[in-house]
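No lab work stands behind these numbers, since they all come straight from the coordinates. Quick caveat: nothing in here was measured; it's all calculated off a predicted structure. Please note: Cβ atoms are built from the backbone with ideal geometry, for glycine as well, and neighbour counts cover all protein chains shown.
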Amino acid sequence: MLRRAKGKWTYFLVAALLLFSILIPFDWFLGRYTSLVILIGISTMVTVGLCLLMGYTGQVSLGQAAFYGTGAYISAILSKTYGVNPWLAMLIAAAATGAFAYVIGYPTFRLRGNYLAMATLGLGVIMWILFRQLSQYTGGPDGMAGIPYLSVGGFTFNTPFRRYFLVWFFCLLVLLVSQNIVRSRVGRALRAIHGSEAAAESIGVNVTQFKVKIFVLSAVYASLAGSLFAHHLRHVSPQSFDFLASVKLVVMAVIGGLASVWGAVFGAATTRILSDELLLRFGELDVIVYGLILMLVMVFMPEGLFVKLKDVVAHWRLRYEQRGTKS
Amino acid sequence: MSQSVLEARNLGKTFGGLVALDKLDLAIETGKITAIIGPNGAGKTTLFNLIAGVYTPSTGEIRFEGMPVNRISAHGRAAMGIARSFQNVLLFGNMTVLENVMAGQHPRSSSGFLEGALSLPKAHREEETVSLKATKYLNLVGLGIYAQQEALSLPLGQQKLLGIARALATEPRVLLLDEPGAGLSTIEKRALGDLIHRVSEMGISVLLVEHDMPLVMGIAQWVIVLDSGKKIAEGTAAQIQKDQRVIAAYLGEDID
């Protein structure tokens, strides 16, 4: 019964996506929200990495914005200051950020217990300071402007509408790859680590190695998102990568349901709409809202708002169907 | 060449000033069911964790089928063929019963991040094999019908069987069982005894640490008795039951 209800939910989702994608080709449909939807896509990419790291493997990162920022700045500096091809810059940024995460992750994960949260918290603050202080390269607190657009052949992604497709192409790729990983042998090993590290070791899972690898993968996702962000806004500044940015990313992952890859889209969308549209007038008080959301979700629906909503829909469908069969 | 699946020579482990195991020499015979017994604090669990690779020995060495394993990590030993269950079971609560056993196939499969991410045919074929083998081990312990249930929804007795199925799925040559009978009813203990016999018949050496004397005496072909970190006796169940030193250790009598 439950399985059937779940199937119905999938049909609903597919129908909604189809409808959405039919409307997408019309610029008027997104209108002034194009930029918001692009940013949702970019945030989703980072959030998916956090879901793999936090939800599946059980490791908390409080400094994911550091990798997001590293990707953005490397892309920005290489393509603008040194005139490197933006695609190549993006690749170099991803590789460098991955290597950076490896260097941070390897010693951290060799320690027992959850030292990653502390280490990444520190890392986030340090990177933010570096972005501000290395003004010779990064433009300091004002950041840097005039980053070139990405282009393929003669086609330049110079309108928001074009970049919408670009960003969501990458986003869907990241979602798909992550979904595959979750369903594979590696995904099972990651969940085993979350379930019990001692038991995971006992069945031959190299716990440290898997933790480092998934940490590196999440950093690479964040870096790709950062590069797209830089080429989208054509302007990067330290504020986008401060501690609050890391907290928002965690909020996205938590709302989406940590152990659900597709929930990341929902989490990123909800949080982005909150932060970019609804909470603007409250200034810095928005931190309180994020804190409240985190607490409420963790206490009342630890499996995440997205998963909870799915359950509720499935429950009502089931009741509806039962009523149908009785009469 | 060696008759012993596991050997310990001069094995010792100290925690700070506490000597948990003291210059222990022992050999676990291949293909047999061996039990380690002893009063609380005798060093049974320490020995167990040393063999499984959770602790590193302070002195001496452990050999598995003649090969020194001191420098090999716990996950490396699992891959070599040393599997274990846990006293507190430690199932993966975020998985179904079947997935728990499939996880046990980890060292016998090889798809990595790339194969998984791209969902390559190799990964799919391997997943099918893993799933089939896991079902086989699940049926062996009699939990086949619960395959799709949440692992932690099972009662304790069945959770313990699932823990053994997960360990068996690593296709070990020696299976270490840490107090498998603890918390089980008499009927469940009988089922457990039968299962251990079947495992032994599959050619897997079994080493168990157990408090439950009827269970040990019923299934163990060789019994090793530890007290205060030292081996005080070993022999068949019948010999051990008559051994004066063992009786003294358990009843706290002085024999000198």
### Message
Mean-square fluctuation check for chain B, GNM, Cα pairs under 10 Å: which of B:Leu90, B:Leu207, B:Leu50 is largest?
### Response
B:Leu90
### Message
Can you show me the helix-derived [θ] at 222 nm for chain A, built from DSSP H runs with n ≥ 4 at -39,500 (n - 2.57) apiece and divided by the number of residues, rounded to the nearest 500.
### Response
-23500 deg cm²/dmol
### Query
What fraction, in whole percent, of alpha-carbon pairs in the stretch B:82-171 exceed 17 Å separation?
46 percent
### Task
Set the Förster distance to 45 Å, then compute FRET efficiency between B:Ser153 and A:Phe12 from the Cβ-Cβ distance, nearest 0.05.
0.95
### Query
At what distance in angstrom do the alpha carbon centres of the stretch A:198-259 and the stretch B:145-174 lie from each other?
33 Å
### Query
Ordered by residue, what ³J(HN,Hα) values in Hz, to whole numbers, does the stretch A:135-152 give under the Karplus form 6.51 cos²θ - 1.76 cosθ + 1.60, where θ = phi - 60° and Gly and Pro are x?
5, 4, 9, 9, x, x, x, 6, x, 10, 10, x, 6, x, 6, 7, 8, 10
#### Entry: Average Cα contact separation per residue, the stretch A:2-326, under 8 Å, 6 or more apart, as relative contact order %
32 percent
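Report the percentage of all Cα-Cα pairs in the protein assembly as shown whose separation exceeds 38 Å, rounded to a whole percent.
On the way: 71595 of 169653 pairs.
Tail of the P(r) past 38 Å holds 42 percent of the pairs.
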### Task
Just tell me which aspartates and glutamates come within less than 18 Å, Cα to Cα, of B:Lys23; anything on the same chain fewer than 8 places away is out.
B:Glu7, B:Glu61, B:Asp227, B:Glu234
### Query
Between B:Gly66, B:Gly76, B:Gly16, which gets the highest mean-square fluctuation from a Gaussian network model of chain B, Cα cutoff 10 Å?
B:Gly16
### Task
Mind pulling the angle between the C-alpha long axis of helix B:121-140 and the longest principal axis of chain B? Nearest 10 degrees, somewhere in 0 to 90.
50 degrees
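Listed here are the pairs B:Lys32/B:Lys231; A:Lys80/A:Lys211; B:Lys44/B:Lys133; A:Lys213/B:Lys122; which of them are more than 30 Å apart at the Cα? Mind showing how you got there, number by number?
Details: B:Lys32/B:Lys231 19 Å; A:Lys80/A:Lys211 35 Å; B:Lys44/B:Lys133 32 Å; A:Lys213/B:Lys122 21 Å.
Table pairs above 30 Å Cα-Cα are A:Lys80/A:Lys211; B:Lys44/B:Lys133.
For B:Leu156, B:Leu143, B:Leu47, which order do you get if you count the other beta carbons within 10 Å of each Cβ and list the fewest first?
B:Leu156, B:Leu143, B:Leu47
Rank these for me by crowding, A:Thr34, A:Thr97, going from fewest to most other beta carbons within 10 Å. Don't skip to the end; give the middle numbers.
Values: A:Thr34 17, A:Thr97 28.
Ascending Cβ contact count within 10 Å gives the list A:Thr34, A:Thr97.
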### Query
When N counts the residues of the stretch A:2-326, how does its alpha-carbon radius of gyration compare numerically with 2.2 N^0.38 Å, as a ratio?
1.02
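Pairwise over distinct Cα atoms, reciprocal of the mean inverse distance: report the Kirkwood radius of the stretch B:1-77 in Å, one decimal place.
Numbers: mean 1/r = 0.0782 Å⁻¹.
For the stretch B:1-77, the Kirkwood estimate is 12.8 Å.
Run the numbers on the stretch A:227-327 and let me know its relative contact order in percent, using alpha-carbon pairs under 8 Å that are six or more apart. Kindly include the intermediate steps, with their values, before the conclusion.
Numbers: 70 pairs, mean separation 27.8, N = 101.
That works out to 28 percent.
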### Message
With angles folded into 0 to 90 degrees, how steeply does helix B:156-168 sit against the dominant principal axis of chain B? Use alpha carbons for both and round to 10.
### Response
80 degrees
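Within 10 Å of each residue's Cβ, count the other Cβ atoms and sort A:Cys171, A:Cys51 from fewest upward.
Values: A:Cys171 25, A:Cys51 30.
So the ranking, lowest neighbour count to highest, is A:Cys171, A:Cys51.
Hand me the chymotrypsin sites (Phe, Trp or Tyr not before Pro) from the stretch A:51-140 located in a DSSP loop with no more than 13 other Cβ atoms within 10 Å, in residue order please.
Those that pass, being in a loop and sparsely packed, are A:Tyr82.
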